[in-house]
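Novice: Encoded as structure tokens, here's the structure I'll be asking about.
The values are calculated or read from the model by the stated rules, or taken from the named source; none is laboratory data. Please read all numbers here as calculations on a predicted model, not as lab measurements. Glycine also receives a Cβ, built like all others from the backbone with ideal geometry; neighbour counts cover every protein chain displayed. Surface accessibility is based on the protein's heavy atoms, side chains included, excluding ligands, DNA and RNA. Shrake-Rupley method; radii C 1.70, N 1.55, O 1.52, S 1.80 Å.
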Amino acid sequence: MEEKINPLKQSRWKLYLTIVTFIALVGLVYGLRDQIGGVISNLGQVNALALLLLIPIQILNNDAYARLYRSLFKTLGKTVSYAAMFKMTMELKFVNNIFPSGGISGVSYFSVRARSQNVTASQATLTQVMKFMLVFVSFQPLLVLGLFFLAARGHANDLVMVVASSLITLLIVGTFVGLYILDSKSRISTFLTFVTKGLNKLVHIVRPKYPETISIKRAQASFVELHENYKILKKNWRSLKMPFVYTFFANTTEVAALYVVYLAFGELVNVGAIILAYAVANFAGLISVLPAGIGIYEGLMTAVLVATGIPARLSIPVTVMFRVLTMFIQLVPGYILYSRALNGRGLAAKR
């Protein structure tokens, strides 16, 4: 059933969101100003043709996520367009980079955008939750492989072993905790109600006249539907084989992108160091309060690379160039598609 919306109110909402997005984008560019300058100064030292490989790698990464979404929705009984999922993947990368919320902004945005494919909010939310879990689970083989490469070259010191084992433990525990919550209607309702109340309190600071921006009663109804959709996935767990393959491939392409930048600098480094540094930086970036985890991401990635034997004089410019170039490749098309969705019919409210 279509929900009647005041056109003036809707246009104001879009205007406010556009302004907030633009401010966040400007803040991100400002925060990266030194890094952008560093990349420009180092361009003459690298193989530009090698850097061009970042574009097809990014396309393959988007393709993997688009196929992942289609596969998960198919299990839930929904047929969605590949082109739509590919576009939403790029939009999500823009949203998650601009708005620092550990992926929550992306989940909310995806839930709204997926309505254009006749997907319910709970189905879209569950798909995003399963995506995160599958990304975590599928990264574990890569971490084990990375440790093997580090050990083979004698770079698996005590610090590296502690970091790697801690990451693997967090991945396993986090996955089981998530499944434990999803497996019970009462647990998922209790947990998400707590999260919803917390979000309402945060929004209330900005909108003091609205103590309950997100309706608790309506949200709880969605939680029940989320649990029911999870039961469908659980019953058809064998169908998660291909989604696992897609997320493993997505993780592999992201690690490959970082390695390509080293190749552009003319260096063949230990793949294990790349895998471990990428994992640490991305996990830390999830809890950063700054857009795209600026500062924390680069600092931790460089620290891990140095700990695994890659000198700072090499790891720092490579990390900076990797971050700036990959973000540029993601943000430009992502922003264009996001703007079109915002100004078009992609974010139309539906029930």
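Novice: Restricting attention to the stretch 224-246, does a residue exist that is assigned to a helix (DSSP H, G or I) and modelled with pLDDT under 65?
Specialist: No, that holds for no residue.
Novice: One residue is enough: does the stretch 30-37 have a residue meeting the conditions modelled with pLDDT under 85, in contact with a Lys or Arg (Cβ under 8 Å, 6 or more places away or on another chain) and of a type outside the set (D, E, K, R)?
Specialist: Yes - at least one qualifying residue is present in the stretch 30-37.
Novice: Please count how many residues of the stretch 260-279 are open to solvent by 50 Å² or more (accessible area, probe 1.4 Å) and part of a helix (DSSP H, G or I).
Specialist: Qualifying residue count, the stretch 260-279: 2.
Novice: What do you reckon, is Thr169 of a type in the set (Val, Ile, Thr), open to solvent by 30 Å² or more (accessible area, probe 1.4 Å), under 30 Å from Leu337 (Cα atoms) and in a helix (DSSP H, G or I)?
Specialist: no
Novice: Could you grab me the full set of residues in the stretch 76-88 that are in a helix (DSSP H, G or I) and open to solvent by less than 30 Å² (accessible area, probe 1.4 Å)?
Specialist: Selection gives Ala84, Met85, Met88.
Novice: Being open to solvent by 20 Å² or more (accessible area, probe 1.4 Å) and not in a helix (DSSP H, G or I), is that true of even one residue in the stretch 55-73?
Specialist: No - not one qualifying residue is present in the stretch 55-73.
Novice: Hey, can you tell me all the residues within the stretch 89-144 that are hydroxyl-bearing (Ser, Thr, Tyr) and open to solvent by less than 20 Å² (accessible area, probe 1.4 Å)?
Specialist: Passing the criteria: Thr89, Ser111, Ser122, Thr127, Ser138.
Novice: Is it the case, given these coordinates, that Ala64 is modelled with pLDDT of 95 or more and among the aliphatic types (A, V, I, L, M)?
Specialist: When the stated conditions are applied, Ala64 passes them.
Novice: Next question. Is the stretch 268-284 home to any residue that is at pLDDT below 85, of a type in the set (S, T, N, Q) and within 16 Å of the chain's Cα centre (by Cα)?
Specialist: Yes, the stretch 268-284 has at least one match.
Novice: I've got another one for you. Filter the stretch 231-259 down to the residues that are under 30 Å from Val320 (Cβ atoms) and either acidic (Asp, Glu) or surrounded by fewer than 16 Cβ atoms within 10 Å (Cβ to Cβ) (or both) and list them by number.
Specialist: Correct list: Glu254 only.
Novice: Right, next: Right, Ala348: farther than 28 Å from Leu52 by Cβ and at pLDDT 80 or above or not?
Specialist: No: the conditions fail for Ala348.
Novice: Here is a follow-up. Any residue that is of a type in the set (Val, Ile, Thr) and under 23 Å from Ala124 (Cα atoms) - is there at least one of those in the stretch 76-84?
Specialist: For the stretch 76-84, residues of a type in the set (Val, Ile, Thr) and under 23 Å from Ala124 (Cα atoms): present.
Novice: So, in the stretch 300-311, of the ones that are assigned to a helix (DSSP H, G or I) and open to solvent by 40 Å² or more (accessible area, probe 1.4 Å), which residue ends up modelled with the lowest pLDDT?
Specialist: Applying the filter and picking the extreme gives Leu300.
Novice: Which ones in the stretch 110-145 are within 15 Å of Ser71 (Cα to Cα) and not in a helix (DSSP H, G or I)?
Specialist: Hit for the stretch 110-145 is Val119, nothing else.
Novice: Identify all residues within the stretch 321-347 that are under 26 Å from Tyr262 (Cα atoms) and open to solvent by less than 30 Å² (accessible area, probe 1.4 Å); write none if there are none.
Specialist: Once the filter is applied, which keeps residues that are under 26 Å from Tyr262 (Cα atoms) and open to solvent by less than 30 Å² (accessible area, probe 1.4 Å), the stretch 321-347 yields Met321, Phe322, Arg323, Val324, Thr326, Met327, Leu331, Gly334.
Novice: When you go through (1) at pLDDT 80 or above; (2) more than 22 Å from Leu51 (Cβ to Cβ); (3) outside any helix (DSSP H, G or I) one by one for Ser288, which number turns out not to apply?
Specialist: (1)
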